[in-house]
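In what follows, a structure is listed as structure tokens, so that the remarks can point back to it.
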Amino acid sequence: MDCYTAPGPGLLPLDDALAAIRDGVDAVTGVESVPLREALGRILAEDVTAPDNVPPMAVSAMDGWAFRAAPDLGGAMRRLAVVGRVPAGSVFPGTVGPGEAVRIFTGAPLPDGADAVAMQEECEAAGDAVLVPALERGASVRAAGEDMQAGATVLTAGRRLRAQEVGLAAAVGRDRLRVRQRLRVVLFSTGDELREPGGGKPAGAIYDANRYTLAAQLDALGVELRDLGILPDKAASVREALAAAAGTADLIVTSGGVSVGEEDHVKAAVSELGVITHWRLALKPGKPLAMGRVGGTPFLGLPGNPVSAMVTFMLVGRPLVLRLSGGEAATPRSLVVSGFTFTKKAGRREFLRARLETGPDGRPVAHKFLSDSSGVLTSMVEADGLVDMPAEATEIRAGQMVDFLPFTGLFA
Ligand code: AMP
Ligand code: MG
């Protein structure tokens with residue numbers, strides 16, 4: 001539901017900024033080979049194919065007896081002579097004939113001649129014989145290639161490696177993977193009022209929270225971070241830091257100093273050294289966000305308010321980092337029931353901080369945090385994610401389905 005509403009003079013729709021990232025930003029990182037144990041969280045730079053079937057041969061899915069199914073004989077239990085035993089990791093040397101069974105264990109190759117496995121809970125062992133139920137062919141058998149077929153592409157370049165992708169690579173025999181080199185990101189905060197946590201602070205000062213939120217968000221994306229600390233609200237200092245970073249980084253991320261006040265020097269400095277491509281989004285929180293380039297280096301200027309900095313990083317910074325790193329950048333979302341009523345003016349898309357609770361019918365219900373202030377970082381600690389309220393929408397009613405972006409999908 002993305003019907004376009006003019007967001008007001010000078011304000012750009014969030015989707016314009018996201019489209020510019022999706023269509024205009026390419027991977028800048030090189031490729032390296034890493035041991036599989038170091039691949040978690042990295043972005044795959046090759047397609048991985050399975051050289052063999054997985055499993056390589058038909059195997060038993062159960063502990064039990066392997067035999068030749070004869071469904072035409074009807075439903076009664078049948079007595080079979082036990083002619084051997086095959087644990088996982090070995091191969092039964094003979095062939096199973098009619099009226100015969102082989103004791104078998106989970107993962108063991110199905111003996112020649114057998115085509116079904118009766119699970120031991122449904123059998124009765126009787127000395128050298130066993131009573132098995134009537135079964136269809138293929139019962140409790142995992143076919144060769146059931147998981148992966150020889151030659152199939154099982155992972156594609158651009159995928160961010162989670163535990164399951166790492167395991168899959170191991171399952172096809174890989175001990176190393178080619179991945180994207182880490183994106184080199186320079187980060188700094190701006191503001192004369194900011195002090196480093198751990199030290200004292202004079203009247204009028206606050207601790208720098210944003211660099212810690214943003215560093216954590218960047219770390220979670222696996223970048224190589226260079227933290228330049230806090231810069232004063234001084235045009236020359238900001239310009240100098242930007243110019244130095246442009247030569248050595250793949251991306252520059254800043255917070256503060258992108259609003260319209262005379263102490264907001266970051267945007268002006270970027271305009272002098274390069275170009276601002278996007279500024280002021282029809283977005284709440286996060287209107288002052290600025291995007292551009294310093295020399296050839298992409299620049300992301302996040303607003304200073306702590307909630308705005310964090311949310312705009314999730315919405316815009318994360319896709320930008322992933323694209324520059326050669327990865328895919330989907331923002332996961334789901335539909336949940338609204339547990340609140342809320343009204344706003346049409347024009348700006350709003351992301352409301354909300355906590356999920358299970359409703360009386362078992363479905364998740366979103367409860368909005370009371371304050372909408374972009375300075376209230378406690379709201380982010382309380383919330384489980386963001387309710388996405390379209391620009392043109394003016395009301396959310398309790399009971400209505402709303403789009404929800406869970407934080408779990410917005411960090412990594
Ligand atoms: P600015 O975008 O620089 O105008 O800042 C907007 C608001 O966010 C002001 O109240 C700042 O004091 C606050 N702020 C800016 N940077 C930070 C930061 N790194 N940590 C915490 N608050 C900040
Ligand atoms: Mg400031």
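The values are calculated or read from the model by the stated rules, or taken from the named source; none is laboratory data. Computed from a predicted structure; not experimentally measured. All Cβ positions, glycine included, derive from the backbone under ideal geometry; neighbour counts span all protein chains shown. Heads up: the accessible areas ignore ligands, DNA and RNA and are worked out on the full protein's heavy atoms, side chains in. Shrake-Rupley method; radii C 1.70, N 1.55, O 1.52, S 1.80 Å.
I'm trying to understand the selection: among the residues of segment 205-249, which are open to solvent by less than 20 Å² (accessible area, probe 1.4 Å), more than 12 Å from ligand 1 (Cβ to nearest atom) and in contact with a helix residue (DSSP H, G or I) (Cβ under 6 Å, 6 or more places away or on another chain)?
Correct list: 217, 221, 242.
Which is out of contact with any Leu (no Cβ under 9 Å at 6 or more places or on another chain), over 30 Å from residue 179 (Cα atoms) and open to solvent by less than 50 Å² (accessible area, probe 1.4 Å), of 379, 374?
Values: 379 fails: out of contact with any Leu (no Cβ under 9 Å at 6 or more places or on another chain).
Testing whether each residue is out of contact with any Leu (no Cβ under 9 Å at 6 or more places or on another chain), over 30 Å from residue 179 (Cα atoms) and open to solvent by less than 50 Å² (accessible area, probe 1.4 Å) leaves just 374.
Got a sec? Which of 157, 144 is in contact with a Leu (Cβ under 7 Å, 6 or more places away or on another chain), at pLDDT 95 or above and not in a strand (DSSP E or B)?
From the options 157, 144, the qualifying one is 157.
Report, by residue number, each residue of segment 267-301 that is at pLDDT below 95 and either open to solvent by less than 10 Å² (accessible area, probe 1.4 Å) or of a type in the set (Asp, Glu) (or both).
none
What single numbered condition from (1) in contact with a strand residue (DSSP E or B) (Cβ under 8 Å, 6 or more places away or on another chain); (2) surrounded by 15 or more Cβ atoms within 10 Å (Cβ to Cβ) fails to hold for residue 400?
(2)
Conditions (1) in contact with a Ser or Thr (Cβ under 8 Å, 6 or more places away or on another chain); (2) at pLDDT 95 or above, marked per residue:
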{"site": "94", "(1), (2)": "no, yes"}
{"site": "108", "(1), (2)": "yes, yes"}
{"site": "115", "(1), (2)": "no, yes"}
{"site": "129", "(1), (2)": "no, yes"}
{"site": "134", "(1), (2)": "no, no"}
{"site": "153", "(1), (2)": "yes, yes"}
{"site": "165", "(1), (2)": "no, yes"}
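Given the criteria among the hydrophobic types (A, V, I, L, M, F, W, C), outside the structural domain of residue 252 (by TED's automatic domain parsing) and under 30 Å from residue 27 (Cβ atoms), does residue 351 qualify?
yes
Filter segment 250-260 for residues that are open to solvent by 10 Å² or more (accessible area, probe 1.4 Å) and more than 16 Å from ligand 2 (Cβ to nearest atom) and give the result.
250 - this is the single residue of segment 250-260 that is open to solvent by 10 Å² or more (accessible area, probe 1.4 Å) and more than 16 Å from ligand 2 (Cβ to nearest atom).
Please determine, by comparing only the residues of segment 302-353 that are open to solvent by less than 30 Å² (accessible area, probe 1.4 Å) and part of a loop (DSSP other than H, G, I, E, B), which one is nearest to residue 219 (Cα to Cα).
325
Restricting to segment 154-180, give me the number of residues that are open to solvent by 80 Å² or more (accessible area, probe 1.4 Å) and either under 13 Å from residue 46 (Cα atoms) or assigned by TED's automatic domain parsing to the domain that holds residue 228 (or both).
Of the residues in that region, 3 qualify.
Matching residues to (1) away from ligand 2 (no atom under 16 Å from the Cβ); (2) more than 27 Å from the chain's Cα centre (by Cα); (3) within 25 Å of residue 329 (Cα to Cα):
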| site | (1), (2), (3) |
| --- | --- |
| 154 | yes, no, yes |
| 166 | yes, no, yes |
| 203 | yes, yes, no |
| 222 | yes, no, yes |
| 242 | no, yes, no |
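Taking segment 115-132, which residues are open to solvent by 80 Å² or more (accessible area, probe 1.4 Å) and not in a loop (DSSP other than H, G, I, E, B)?
121, 122, 124
Restricting to segment 382-397, name every residue that is in a strand (DSSP E or B) and open to solvent by less than 50 Å² (accessible area, probe 1.4 Å).
385, 386, 387, 388, 389, 396, listed by residue number.
Just to be sure I understand the filter: pairs with C-beta atoms under 8 Å, separated by 6 or more residues or on different chains, first member in segment 94-113 and under 16 Å from residue 128 (Cβ atoms) and without any contact (Cβ under 8 Å) to a residue 24 or more places away in the chain, second member open to solvent by less than 10 Å² (accessible area, probe 1.4 Å) and part of a loop (DSSP other than H, G, I, E, B). Which pairs pass?
Taking only residues 6 or more apart or on different chains, the pairs are 94/111.
For residue 146, which of the numbered conditions (1) in contact (Cβ under 8 Å) with a residue 60 or more places away in the chain; (2) surrounded by fewer than 18 Cβ atoms within 10 Å (Cβ to Cβ); (3) touching a helix residue (DSSP H, G or I) at 6+ places or on another chain (Cβ under 8 Å) fails to hold?
Every listed condition holds for residue 146 apart from (3).
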